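Please treat every number below as a calculation from the coordinates, not as lab data. Computed from a predicted structure; not experimentally measured. As a convention, Cβ positions derive from the backbone with ideal geometry for all residues, glycine included, and neighbour counts pool all protein chains shown.
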Amino acid sequence: MLKAFKKFVLRGNVIDMAIGITVGTAFTALVKSLVNDVIMPPIGLLLGGVDFSNLYILLKAGDPAPPYASLVEATEAGATALRYGVFINAIISLLIIALAMFAIVRAMNRLQPEEAPAAPTTKKCPFCLSDVPLEATRCAHCTADLPATET
């Protein structure tokens, strides 16, 4: 069993997947910081000083009773809150990650050389329009004599 596990772990695609997950985790942390620390503060400032991560709807008061100055204060008081501001930040993070992944995949596709189309291996019979091999001199479907193929 240990031998089979070692074989599984050392396969190339498992290593590639592990590297992808590690890079993805680091990329997620980078995007989260970009959203929370770079993008959202100016947006909040433009919207009158709103901190999206602090937006919530109080569903059940905690102890002490509201009002709470921040989401952290409400959570510490044991209040139940619908944290829609955190959700807005998550949506913006998702959009940035999706845009970055799109850009990476598009760049990778541009780096790959274009493959030349494969040479045809068949031709159409001019009489019955069936596909026949290029070298054929007679159609296998209608038995008509075929013109010679130019090479």
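Here are some notes:
- Dipole of the range 2-114, positive direction: furthest Cα of Thr80, Val31, Ala18, with charges on the beta-carbon: Ala18
- Residue (of Pro113, Gly62, Phe8) at the positive-pole extreme of the range 2-114, dipole from beta-carbon charges: Phe8
- Using the Cβ-Cβ distance between Val50 and Phe27 with R0 = 30 Å, the FRET efficiency computed as 1/(1 + (r/R0)^6) comes to roughly 0.65.
- Normalising by residue count, the range 81-151 has a Cα convex hull of 163 Å³ per residue.
- About the centre of its Cα atoms, the range 2-114 shows a dipole size close to 800 debye [charges on the beta carbon of Lys, Arg (+1) and Asp, Glu (-1) only; nearest 20 debye].
- Cα-projected label distance for Leu10 with Ala65, points at 7 Å along beta-carbon direction, nm: 6.9 nm
- Gaussian network model of the chain, springs between alpha carbon atoms under 10 Å - residue of Arg83, Arg106, Arg11 with greatest fluctuation: Arg11
- Within the straight-line cut-off of under 16 Å between alpha carbons, the aspartates and glutamates reachable from Lys123 are Asp131, Glu135, Asp145, Glu150, sequence neighbours fewer than 8 places apart in one chain being disregarded.
- Checking every one of the GluC sites (Glu not before Pro) in the range 40-114 against DSSP loop status and a limit of 10 other Cβ atoms within 10 Å picks out Glu114.
- The label-point distance for His141 and Val38, in a model that sets each label 7 Å from Cα toward Cβ, rounds to 5.9 nm.
- In the list (i) 1.32; (ii) 2.12; (iii) 1.00, the label attached to Cα Rg over 2.2 N^0.38 Å as derived from the coordinates here is (ii).
- Working note: 222 nm ellipticity from helices only, DSSP H runs with n ≥ 4, each -39,500 (n - 2.57), summed and divided by the residues of the chain, gives -15000 deg cm²/dmol to the nearest 500.
- Among complete DSSP H helices in the chain, those whose alpha-carbon atoms stretch at least 30 Å along the helix's long axis and whose mean Kyte-Doolittle hydropathy reaches -0.5 are 12-33, 84-111.
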